[in-house]
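In what follows, a structure is listed as structure tokens, so that the remarks can point back to it.
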Amino acid sequence: MTSPVVTVPLDCLTGEIAKVLGRHRISAVPVVDETGAVAGLVSEYDLLAKAGAVAREVMTTAVVSVTEDTSVDDVRHLLVDRRFGRVPVLAAGRLVGIVSRGDVVALLATEWVCEVCGEPVRGERPPETCPRCLGSGERFTLQEQPPGT
């Protein structure tokens, strides 16, 4: 998950949105209302395919979001099977992050190794117990991935 999230207001000019996307090297940006709630998303596609002068006129309003507790498999389903480019992450209705395909790929490269039996486990955090030896999750260390793997 990427946090904090770059956002734009409903009345942001489309030219400014294009600058924000380029400056931050992102392909879409959440649009928030005056309370900070997510009102939509503007993607590169929206800027190219839709006519409008401001975010509210070109944004996609049918935004699917997840919570911080949503499983990686469920997020992966949205990103791969449903072909979403990114998914906003909400906590108590507030935007706290955004997950992209790149975030999930990075997670796949994160590997923890049990110091007791050597069992590797992939994930954002080490497991509570080792699936092989049932050792404590405190006995896992982050395995650095060599470049190019």
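Read the figures in this text as sums done on the coordinates, not as results from a lab. No experiment lies behind these values; they were computed from the predicted model shown. Counting neighbours? That spans all protein chains shown, and the Cβs are built from the backbone with ideal geometry, glycine included.
Extension gain, Glu68 to Lys50, is 3.3 nm, computed as 0.36 nm per intervening residue step minus the present C-alpha separation.
On the beta carbon distance between Thr141 and Arg25, with R0 = 25 Å, the FRET formula returns roughly 0.20.
From its DSSP helices (H runs of at least four residues, each -39,500 (n - 2.57)), the chain gives a residue-normalised ellipticity at 222 nm of -5500 deg cm²/dmol. Classify the chain: rounded, prolate or oblate, from the alpha-carbon gyration tensor (a ≥ b ≥ c, eigenvalue square roots; a/c under 1.5 rounded; otherwise prolate if a/b is larger than b/c)? Prolate shape, in that a/c is at least 1.5 and a/b is the bigger ratio.
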